[in-house]
Amino acid sequence: SRDPGLRPALSGSQNAALRVNTIQSDLNQLLANANLPANSYIVAPAGINRLQVSLAEGNLSTDGFTISQGGQQLLRRLATTLRNYPTVEFTIVGHADGANPNALRAYEDSTDKAINVAQQLVNYGLDPAKITAGGKGFYSPVADSSTPQGQAANRRMDILITVPE
């Protein structure tokens with residue numbers, strides 16, 4: 001029968017959890033070496049077999065819409081790392097700051113920003129069939145939008161990375 005020196009094979013959920021930890025480590029290292037402003041990104045677990053990378057808008061854009069040269073370099077590095085995990089799926093979620101009370105405009109703007117990021121990631125080699133993009137407008141704030149600092153915190157891009165079992 002089995003060699004008693006061999007460990008049992010990992011289950012699908014154990015393998016997925018291991019991949020999530022490896023991806024989190026890879027992304028933390030990449031972002032730590034990207035010379036980004038302090039507190040301008042977060043990499044954190046977001047449920048079972050899922051990571052969330054939150055990037056402040058300033059990491060990707062200078063005008064809020066066009067992806068800057070630095071933003072392109074950051075997305076290229078992210079895509080290069082994430083291509084090592086061909087089975088993962090991505091949900092790109094844009095967020096607006098709530099400074100403009102027009103909900104439809106906030107949804108449109110946040111969705112357009114997410115689509116721009118998704119297109120860049122595809123340009124840098126991620127499988128478009130594995131990417132979903134959308135916006136939440138100003139409906140998922142992380143700070144009080146009545147202050148400039150709060151508005152800046154709420155203008156962000158979330159990349160949700162799901163590892164299948």
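What follows draws every value from the coordinates through simple rules; no lab data is involved. Fair warning: this is a prediction, and the values are worked out from it, not measured in the lab. Glycine also receives a Cβ, built like all others from the backbone with ideal geometry; neighbour counts cover every protein chain displayed.
Descriptive notes on the structure:
- Relative to the Cα centre, the charge distribution of segment 69-135, modelled as +1 at Lys and Arg Cβ and -1 at Asp and Glu Cβ, gives a dipole magnitude of about 280 debye.
- For the chain, the 222 nm mean residue ellipticity estimated from helices alone, with every DSSP H stretch of n ≥ 4 adding -39500 (n - 2.57) and the total spread over all residues, rounds to -12500 deg cm²/dmol.
- Highest mean first, the peptides 23-33, 154-164 sorted by other C-beta atoms within 10 Å per residue fall in the order 154-164, 23-33.
- Cα-centred dipole magnitude for the chain, charges only on beta-carbon of K, R (+1) and D, E (-1), debye, nearest 20: 400
- Note on segment 78-133 and segment 18-54: Cα centroid distance 16 Å, given to the nearest whole angstrom.
- Rounded to whole numbers, the Karplus 3J(HN,Hα) couplings from phi for segment 91-99 are 10, 9, 10, x, 9, 9, 9, x, 5 Hz, using 6.51 cos²θ - 1.76 cosθ + 1.60 with θ = phi - 60°, and x at Gly and Pro.
- D_trans [Stokes-Einstein, Kirkwood Rh over alpha-carbon pairs] for the chain, 10 °C, 1.306 mPa s, µm² s⁻¹: 95
- Per-residue extension of 0.36 nm, minus the Cα-Cα distance of Gln149 and Asn33, leaves a gain of 39.3 nm for this segment.
- Charge-dipole axis of the chain as Lys and Arg at +1 and Asp and Glu at -1 on Cβ define it, positive-most pick from Leu78, Ser110, Val142: Leu78
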